[in-house]
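Enquirer: Next up is a structure, given as C-alpha cells.
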Number of protein chains: 4
Amino acid sequence: MTTHSVHTKKKILRTQCPDATGLISKITNICYKHQLNILQNNEFVDHRSGHFFMRTELEGIFNDEMLLADLNYALPEGSFYELKSIEKQKIVILVTKEAHCLGDLLMKQAYGDMDVEITAVIGNHELLKPLVERFDIPFHLVSHEGLSREEHDKLMSEKIKEFSPDYVVLAKYMRILTPQFVSQFDKKIINIHHSFLPAFIGAKPYHQAYERGVKIIGATAHFVNNDLDEGPIIMQDVIHVDHTYTAEAMMKAGRDVEKNVLSRSLEKVLAQRVFVQGNHTIIL
Amino acid sequence: MTTHSVHTKKKILRTQCPDATGLISKITNICYKHQLNILQNNEFVDHRSGHFFMRTELEGIFNDEMLLADLNYALPEGSFYELKSIEKQKIVILVTKEAHCLGDLLMKQAYGDMDVEITAVIGNHELLKPLVERFDIPFHLVSHEGLSREEHDKLMSEKIKEFSPDYVVLAKYMRILTPQFVSQFDKKIINIHHSFLPAFIGAKPYHQAYERGVKIIGATAHFVNNDLDEGPIIMQDVIHVDHTYTAEAMMKAGRDVEKNVLSRSLEKVLAQRVFVQGNHTIIL
Amino acid sequence: MTTHSVHTKKKILRTQCPDATGLISKITNICYKHQLNILQNNEFVDHRSGHFFMRTELEGIFNDEMLLADLNYALPEGSFYELKSIEKQKIVILVTKEAHCLGDLLMKQAYGDMDVEITAVIGNHELLKPLVERFDIPFHLVSHEGLSREEHDKLMSEKIKEFSPDYVVLAKYMRILTPQFVSQFDKKIINIHHSFLPAFIGAKPYHQAYERGVKIIGATAHFVNNDLDEGPIIMQDVIHVDHTYTAEAMMKAGRDVEKNVLSRSLEKVLAQRVFVQGNHTIIL
Amino acid sequence: MTTHSVHTKKKILRTQCPDATGLISKITNICYKHQLNILQNNEFVDHRSGHFFMRTELEGIFNDEMLLADLNYALPEGSFYELKSIEKQKIVILVTKEAHCLGDLLMKQAYGDMDVEITAVIGNHELLKPLVERFDIPFHLVSHEGLSREEHDKLMSEKIKEFSPDYVVLAKYMRILTPQFVSQFDKKIINIHHSFLPAFIGAKPYHQAYERGVKIIGATAHFVNNDLDEGPIIMQDVIHVDHTYTAEAMMKAGRDVEKNVLSRSLEKVLAQRVFVQGNHTIIL
C-alpha cells in the first residue's frame, strides 16, 4: 500500500467496452505507469453482448486528464470510461405519500450509514414535508394538481436540475414518468417497485399478489427507462407469506423489503458498482 | 395424553365449511365425546371467502362412521370433512427427462425422510427408467409418440389409475395436460414449475429470466387445474443470482430449489395440511 | 360474524396451562356461552413440557370478570390466562448511541406501521436526544457516569416505571442489566442482540464473526433474563456475507437485520402472540 | 475470443501472494504474452493479511512450464501459483450411515450437474453400500470396530490414497479425525457440519439447537483442520424453524440444507474458486 499524503486521493475508474484480448493488462499497466495503487479491482466479460466491464478502485495522486488520455489511446473504439470520486455524491429523492423508504434513507444519511448528500426531497403531495424537515433537509412541493403529465414532469425536472444531483431516487413516487423526463436523467433514476418483477407489473402489486395467492412477496430496485417497470434490475428480494396475510398485511410486511432493497441498491450505485448493458445490470 | 393400546390409532380430521359461530367448540366437543385426544389442532377463518378450515390430529380408538355422523349433524350445510390416516399414502410420479426432482423423492422415500409409497413412476420418455429401477420401483413408459394429446393423456390416466394413488406428482413432467386428465385427479395433482409464478409462465422460464435480467430465480409447487401454471400455489422459494449466471447456470442452480420446494410441498400435502379454497391454499 | 355495535370490542385471550383432554372445547365453549365471536384461534401443545398454549382473538361484548371466573372454574390448577386489548400498548425504549433500531421504531410508530405508543425513550447517553425529539417523543437521560451498575439500574427502573409501559425495548442499549432490574420487568424486556445466538455471545459479535470467518451474520431478538444473551429467543434472521466484508462492513450490513428482527419481534409480542415456556418461546 | 482449435484448452491459474503494486498487470501481461485469452478474472486484496488472490480462467495453447517460469520470475518471494485443468477432478467420499448428502452427490454426478468423478465411497459402516453400488461406484468398508482412532485413520488414509483424489469429501462422516490423517490431505478435506458454526460445535447440534430454542438452524461446509469444527468456512446456510419443530423435525429439515451447502461448496472448490488464508476462505 502507498503512503497516504495530503495529495493522495481515492477514485473509481469504470471501463465498459467491446471485449478484446489484453484489456486488463492494458488498463492496469496504465494505472501502474501513473503510480496508482489498485485497492480493489473487479471485471466481467459478458459473453452475451461481447462487452467487457471493469471497476478499479485507485489510490494515489491523480492526473485525471493524462490518465484518461492514456486510456483513450489504449482502449478500442466505442469504449466508455469514467474516473470519479465517490465521496458525498448528491441525490434528490422524489416521494408521494409513503414514508418508509424515505425515512430509511434520511436515517442512514443522518447517522453515517450512507455516504451521500440528500440535496432535496421533492413531493407531489405535501404529506412528507414535516418528516423531511425534521432531518433539516429542504422539501419542495411540486403538485400535479391541474397539470398534464407533461407539464408536471417539466416542473419536476426543472426543480431537480436546480440541485444537479448525481442520482434521482424514486422512494415510492407513485407517478408514471414521461419519456421526456426519463431521457433527461438516463441511467440516473432509481426506482423501487413493490413486487418481484416481472410479476405484478403496474398498479397495486400487493393486491395482485393476494388475488393470485402467492407465497412470496418482494421488491425490485431498477433503473427507470421508458417501459413501465421494465428497466434494468439492480436488486430484488422477497419474504415468505402465507394464507394469514391479507393484501394490507402483505403491504405492511413488504415495506421492510422495499426499503432494504432500495437502500442497498442505492449504495451499490453510489459506489459505482452498477454497470448497465442493454436491459441488464452488471454489479462489480 | 391417552395410554397407547393396540387399538389406538392416529388420524387427521379435516373440516372445511362456511364460517359460523361455535364451530371449534362443536367439533372439539364431538372429539371429546368420542374420547379422542387432540394431539394438534389448527384452524383458520378466511375472511375473504367466509370459510372456516380446521385440521385436527387425533389419537384414540376411532369409530369413523359415528364420528362422521356426529359431525354431519353438527356442521352447517355444505361442509366438507374427512377423516384420514396419513401413514404410507401412495403416489405416482410422472416424469419426462430430468432426474433431480425424481431422484430427491426416491432418496427421501428410500431413506425414511418421507413417509410415502412411490407405487410407480411413469415417463413419456424412457431415459429415467434405470434410475427408478435402481430404487426397486416399477417404471412405466407411456410414450406420446404418434399420439394426440388427448390420446396420450387417456393412456396416462388409465395407467395411473391402476395404482390408485392418493396423489399424482409431476416431477418435471414437461407436458401440458388436457382438461379431461386434470378433472380425473381434482386437487390431487402437484406440479413443480421452474419459476416464481406468476413470473415466467410457460416454456423456458430460465431463459425468460435470463433475458429479463432478474436477480432472483425460483420455483413454485402448485396444484394443477386447467389454466396453465395458474393452479393454487402451495409453496415457493427463490435464490439470488447475479450477472455471472447464464441461462444454463440459472437452470442448474434452480434445480436445487425445484426439488426442495416440490418435496416440502408434497410433505405438507401428505400430512393433510393443505386446503384449497378457490385459487388459494391454506396450509395448517 | 357478529354485528358491530358501539359496545363491541376486540380482545385477546391467552391461556397457558398443563395439557389435559378437552381444553380447546372447554375454552371455546366458554367463549361461545359468552356470545363472543372467535376471529382467530391458535393453539399448541408442547410435548416436551406437557403444556398447552392458546391464543384466541375474540370480538363481542365482554364481561371480563365473569369470563375469567368461568375460565378459572374450567381450567386445571396452575393455569395462566389473560384477557387483553391490544390497542395502543405502551413501550419505553432504552438506547445508548446507535440510532438505527430506534429510528425504525420511531418511523413505524409515526407512520402507522406499528400500533404502539412510545411513551418515552431513555438513554444513558444524550446522543440520540435530537432524533427522539424530532418525533415529538420525550427523551430522558439517565447517565451511568459515576454510578455503580446497581445504582444506575435503580434510577433506570424508577424512570421506566413512571411510564408504566407494557414492554421495555432495548434498542441497542449497550449495558448489562442487574438481576434486580430484570426481575422487575419479567418477560417484559425485549432485547436485540447483533448475532445469531448462541454464536458470538457477549461483546463485539461482528468482530468475533469476522475473526471466525463466518459466511452469515445475523441478529436475535429475545426476552431478557439473568443470563447474558441467554433469554428465550423470539426471532432470528441472517444475511450472507463474503470475504470482502470487514468487521465494519458486517456491522453496517447487520444493522438492517437488527432493526427488522427487533421490530417484527415487537409486533408479535404486542399482538400477544408470544408465549414463554422455560427458555423457549411459542409464537401463535 | 480466440478461435478454438484441437490444441486449445481451458485452465485455471490461481495466484496467492503478498500484496504488491502492479501484480494484476504483471500476471495479465504474462498471460497476454503467452497469447492466452482471459475468459474470466477475479482478484481480491485481503487488507487484514496483506495478501493478494487471483483466479484467472484462461483459454489457449498452454506451455505450462514456461508460463510458470515466467510467473516465478515476476512474482514476489513466497508466492503460490498453480495452473490446473478443472475437468473431471476426482473425489473420494467418506460416509457413515446417513444417505442424504451422499445421495445428492451421486445424483448430481450421474446426471451431469457436477463435473466430477466419484472414484470411491468409503464407509466405516456398510449401510450405504447398496446405494453407492446402484450408481455403479465402488464402495469400500473400512470398519473402525476394534481399532484405535489412529489405526482406523491409518487404514482410511491408505485406502483413500489408492484413488489419488483431488479432494476428500466428508458426507456426514461421523468420526473425529486424527492430526495424522488431516495432515495428509491439507486443504483437501471438505466437511459438512450440521449447524451454523460456531454455534453448536460438536455432537448432536440439532439437539443442542432444540434445547436452546433457536429460530434458525443451518449447516456449514468447511475445510478440515485439526481443531474440531474450526476449519476455514466455505459456505453456510440456514432455514427458519419454529416452536413446532422437535429435535427430530429439525434434523429432517436440516438435511436439505446440509446437502445443498455441501454440494454448492464442493462445486466452488472444484472450480478452483476457494482460496484459504489462515482460518478464512476467499471465494473468487
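The values are calculated or read from the model by the stated rules, or taken from the named source; none is laboratory data. Please read all numbers here as calculations on a predicted model, not as lab measurements. Virtual Cβ from ideal backbone geometry, glycine too; neighbours counted across all protein chains shown. To get the accessible areas, we keep the full protein, side chains included, count just its heavy atoms, and leave off ligands, DNA and RNA. Shrake-Rupley method; radii C 1.70, N 1.55, O 1.52, S 1.80 Å.
Enquirer: For the stretch C:89-283, give me the percentage of DSSP beta bridges that are antiparallel, rounded to the nearest 5 percent.
Expert: Antiparallel bridges: around 45 percent, rounded to the nearest 5.
Enquirer: Express the relative contact order of the stretch B:201-252 as a whole percentage, based on alpha carbon pairs under 8 Å and six or more residues apart in sequence. Display every interim value, and only then the final one.
Expert: Working: 61 pairs, mean separation 20.8, N = 52.
Across the stretch B:201-252, relative contact order equals 40 percent.
Enquirer: Using the heavy atoms of the protein chains alone and a 1.4 angstrom probe, what is the accessible area of the protein assembly as shown per residue in square angstrom?
Expert: Values: 45210 Å² over 1136 residues.
Accessible surface, normalised per residue, equals 40 Å².
Enquirer: While we're here: Per residue, how much space in cubic angstrom lies within the convex hull of the C-alpha atoms of the protein assembly as shown?
Expert: On the way: hull volume 238.2 nm³, N = 1136.
Once divided by residue count, the hull of the protein assembly as shown is 210 Å³.
Enquirer: Output the relative contact order of chain A, whole-number percent, from Cα pairs under 8 angstrom with separation of 6+ residues.
Expert: After rounding, I find 15 percent.
Enquirer: Towards the positive end of the charge dipole of the stretch A:89-283, with charges on Cβ (+1 Lys, Arg; -1 Asp, Glu), say which of A:ALA120, A:GLY202, A:VAL142 has the farthest Cα.
Expert: Farthest along the dipole direction, towards plus: A:GLY202.
Enquirer: Would you calculate, for the protein assembly as shown, the mean residue ellipticity at 222 nm contributed by helices, counting each DSSP H stretch of 4 or more residues as -39,500 (n - 2.57) and dividing by all residues, to the nearest 500?
Expert: Roughly -9500 deg cm²/dmol at 222 nm, from the helical runs in the protein assembly as shown.
Enquirer: With a 1.4 Å probe on protein heavy atoms only, tell me which residues of the stretch D:125-170 lose at least 30 Å² of accessible surface in the complex relative to the chain by itself.
Expert: Buried by 30 Å² or more upon assembly, which counts only protein chains, are D:LEU131, D:ARG134, D:PHE135.
Enquirer: In percent, what relative contact order does the stretch C:188-284 have, based on Cα pairs under 8 Å that are 6 or more apart in sequence? Spell out each step's value before the answer.
Expert: Details: 163 pairs, mean separation 27.2, N = 97.
Over the stretch C:188-284, the number comes to 28 percent.
Enquirer: Counting other C-beta atoms within 10 Å, and keeping those with at most 11, which DSSP coil trypsin sites (Lys or Arg not before Pro) do you find in the stretch B:78-142?
Expert: Qualifying residues, ordered by number: B:LYS88.
Enquirer: Note down the accessible area of B:LEU75, probe 1.4 Å, to the nearest 10 Å².
Expert: 20
Enquirer: Using a/c under 1.5 as the rounded threshold, could you call the stretch C:163-260 rounded, prolate or oblate? The axes a ≥ b ≥ c are square roots of the C-alpha gyration tensor eigenvalues, and prolate needs a/b larger than b/c, oblate otherwise. Intermediate results must be reported in sequence, preceding the final value.
Expert: Details: a/c = 2.54, a/b = 2.12, b/c = 1.20.
Taking the square roots of the gyration eigenvalues as a ≥ b ≥ c, the stretch C:163-260 is prolate.
Enquirer: Let me ask something else. Output the Kirkwood hydrodynamic radius of chain D, Cα pairs only, in Å rounded to one decimal.
Expert: Result for chain D stands at 20.5 Å.
Enquirer: Could you give me D for the stretch A:75-168, from Stokes-Einstein at 25 °C and 0.890 mPa s, where the hydrodynamic radius is the Kirkwood radius over C-alpha pairs? Units µm² s⁻¹, please.
Expert: Answer, rounded: 167 µm²/s.
Enquirer: Carbon and sulfur together cover what percent of the accessible area of the protein assembly as shown at a 1.4 Å probe radius?
Expert: Reported share for carbon and sulfur atoms: 51 percent.
Enquirer: While we're on this one: Check each residue of the stretch C:20-46 and keep those whose accessible area, probe 1.4 Å, is at least 40 Å² smaller with all protein chains in place than in the chain alone; give them in order of residue number.
Expert: Those are C:THR21, C:ILE24, C:SER25, C:TYR32, C:LEU39, C:ASN41, C:GLU43, C:PHE44, which lose 40 Å² or more relative to the chain on its own.
Enquirer: Suppose we compare each residue of the stretch A:189-214 in its chain alone and in the full protein complex with a 1.4 Å probe; which ones drop by at least 20 Å² of accessible area?
Expert: Checking the loss per residue gives A:PHE196, A:PRO198, A:ALA199, A:TYR210, A:GLU211, A:ARG212, A:GLY213, A:VAL214.
Enquirer: Which of the GluC sites (Glu not before Pro) found in the stretch A:111-202 are loop residues per DSSP with 14 or fewer other Cβ atoms within 10 Å of their Cβ?
Expert: Taking the stretch A:111-202 and a limit of 14 other Cβ atoms within 10 Å, the loop GluC sites (Glu not before Pro) found are A:GLU126, A:GLU145, A:GLU162.
Enquirer: Now a separate question. Please sort by residue number the GluC sites (Glu not before Pro) in the stretch C:1-99 whose DSSP state is loop and whose Cβ has at most 10 other Cβ atoms within 10 Å.
Expert: Here the sparse-neighbourhood loop sites are C:GLU77.
Enquirer: Chains C and D: how much accessible area gets covered up at their contact, both sides added, probe 1.4 Å, in Å² to the nearest hundred?
Expert: Roughly 2700 Å² of accessible surface disappears when C and D pair.
Enquirer: What does the charge add up to near B:PHE62, with Lys and Arg as +1, Asp and Glu as -1, over the other residues with Cβ less than 10 Å from its Cβ? If you can, show how the numbers build up before the last one.
Expert: Numbers: positive: B:LYS9, B:LYS10, B:LYS11; negative: B:GLU59, B:ASP64, B:GLU65.
Once positives and negatives cancel, what remains is 0.
Enquirer: Would you mind giving the mean number of other chain beta-carbons within 10 Å of the Cβ of each residue in A:82-88, as a whole number?
Expert: If you average over the peptide's residues, the count of other-chain Cβ atoms is 0.
Enquirer: Give me the dipole magnitude in Debye, nearest 20, for the stretch C:89-283 about the Cα centre, with unit charges on the beta carbon: positive for Lys and Arg, negative for Asp and Glu. Don't skip to the answer; put the middle values down first.
Expert: Numbers: 22 positive and 26 negative charges, 40 e Å.
Computed charge dipole of the stretch C:89-283: roughly 200 debye.
Enquirer: Would you kindly calculate the translational diffusion coefficient of the stretch D:1-117, applying Stokes-Einstein with the Kirkwood radius from alpha carbon pairs, for 37 °C and a viscosity of 0.692 mPa s, and quote it in µm² s⁻¹ without decimals?
Expert: Details: Rh = 16.4 Å.
After rounding, the answer is 200 µm²/s.
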